Every structure is written in C-alpha cells, then in structure tokens.
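The values are calculated or read from the model by the stated rules, or taken from the named source; none is laboratory data. Keep in mind that what you see is a predicted model, and the values were worked out from it rather than measured. Neighbour counts are summed over all protein chains in view; Cβ atoms, including those assigned to glycine, are modelled from backbone coordinates with ideal geometry. These area figures cover heavy atoms from the full protein model, side chains too; ligands, DNA and RNA do not enter into them. Shrake-Rupley method; radii C 1.70, N 1.55, O 1.52, S 1.80 Å.
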Amino acid sequence: EKIIILGGSHCFRNDRGLEILRDSEADAICTGEGEDSFCNILDIIKTTGMLDKCVGIAFKDKKNGIIIDGREGALFENLDLLPFADFSDFRLDSYREKMLPVLIGRGCVNQCVFCSEWVRFKRYRHRSAKNVFEEIKCQKEKHPFIEQFYFNDSLVNADMDVLKEFCLLLAGSGMRIKWCGQAVVREEMDLDFLKRMKETGCQWLSYGVESGSNAIL
C-alpha cells in the first residue's frame, strides 16, 4: 500500500501542517524538522506494516477519520552530520540557470514579531564553515558547469565568524564561483568586508528591511 508523507516548512504544526493534512490526500506529515521523524516513520512501517503514533509526525487514522498528532520532535543539532544534497537524478545541464542551493544554518538569530522563521525553527543552528565549503567544492567537482550557489538561509550573516571563515576558505581555494543570499543589517558588515565578499564571488545580498514604518511593522 502506498503511503504519502509530506514535509517542508509549511507542514510545521505552527504553520499550516494540520490543515494541509486534513484537506489533502496525504497520509502523514512531518510537523517539524524531518530528518529524525522520517527515519522513525520508516522504522515503524517496517515493524508494524502501518502508520503508528510517532514523535514528530501527525497522521490520519483511516478507520475513524481522526488526525493523530504526535508530540514535537527534537531539533536537529549537528547540521554537519547531514549528507550533502544529491542532485544526480536531475539533468542540471538542461537548466537555464546554472545554480544550486546551499545552506549555512536553520532559523534566525532575531525574533521579529512579523516573521515566522524563528517560530518554525525556534533556535538558530549552523554548519561549520569548512562543511559548507566542502559541499560547494563537492558539487563543483560533480557538476563543473554550475556557476552560482544560492544560500537559501534567512540570513547568511547570522554568525559572522562562520561567514568570515567561509570567505577565507573560498579565497584560499582559488575556486571561481558566484554566490548570493539574504542578510540582515549588521555593523560588522563594513565596506572592507563587503569588498572581500565580492572578491570571493558574492554577487548580491538581499536585506530584510521589511518596512521603514514602525506602525506597519
């Protein structure tokens, strides 16, 4: 029997997770970060042959039509343990933009009331600069035609030490790439550092200014 499991930020309990589960054909959703939850689901299905109550997921009980919601799973702490993204099933050379996504961290160091990022991910956690650099190096070796990497973090400069070390590793490698991402206004991002970022291939940064009006914010 086919089982449909959904994951992603919109499936989080504090977003639209239970609503999506109720209104879609999905059998289960990961209500938070999915790495551990997904493995737990597979273990349960292998053992019992059916969905059962599991930390980090919610699922439909097909016998009585109710939604069973397991408690929230723990945050994934050591992001360096995650494998690098595998794009081998994609015909990347056929894409118009020769770009791949990469991630430094999850969450945000701020807790702005008008943003959902810190609500979903609760705490900011980041990979080491070396781990991020090694992923980019690995992807370039596998896909040499890739020209640009987009950091899909909420902010690439959440931890300035990590960003500075990443730029040093990139500058010392001689690797020629372009990269870009989102950022937050910080005093440490002075002109000299921005110039060093440009030298490593940074093309643009998108700042989350949101609004100049306190009333709107």
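How many residues does the stretch 146-163 hold that are over 17 Å from D86 (Cβ atoms) and either assigned to a helix (DSSP H, G or I) or not aliphatic (A, V, I, L, M) (or both)?
Residues meeting the conditions: 12.
In contact with a His (Cβ under 8 Å, 6 or more places away or on another chain) and in a loop (DSSP other than H, G, I, E, B): which single residue out of F87, F76 fits that description?
F87
Only one of E134, E97 is in contact with a strand residue (DSSP E or B) (Cβ under 9 Å, 6 or more places away or on another chain), acidic (D, E) and open to solvent by 40 Å² or more (accessible area, probe 1.4 Å). Can you tell me which? Don't jump to the end; show me each part of the working.
Details: E134 fails: in contact with a strand residue (DSSP E or B) (Cβ under 9 Å, 6 or more places away or on another chain).
The conditions single out E97.
On the basis of being of a type in the set (D, E, K, R) and in contact (Cβ under 8 Å) with a residue 40 or more places away in the chain, does E210 make the cut?
For E210, the condition - of a type in the set (D, E, K, R) and in contact (Cβ under 8 Å) with a residue 40 or more places away in the chain - is met.
So Q182 fits all but one of (1) touching a strand residue (DSSP E or B) at 6+ places or on another chain (Cβ under 8 Å); (2) open to solvent by less than 50 Å² (accessible area, probe 1.4 Å); (3) without any contact (Cβ under 8 Å) to a residue 40 or more places away in the chain; (4) not in a loop (DSSP other than H, G, I, E, B); what number is the exception?
(2)
Can you tell me which residues in the stretch 100-123 are touching a strand residue (DSSP E or B) at 6+ places or on another chain (Cβ under 6 Å), open to solvent by less than 50 Å² (accessible area, probe 1.4 Å) and not small (G, A, S)?
L100, V102, I104, R106, F121
I68 passes all but one of (1) within 28 Å of A183 (Cα to Cα); (2) surrounded by fewer than 16 Cβ atoms within 10 Å (Cβ to Cβ); which number fails?
It fails just one condition, (1).
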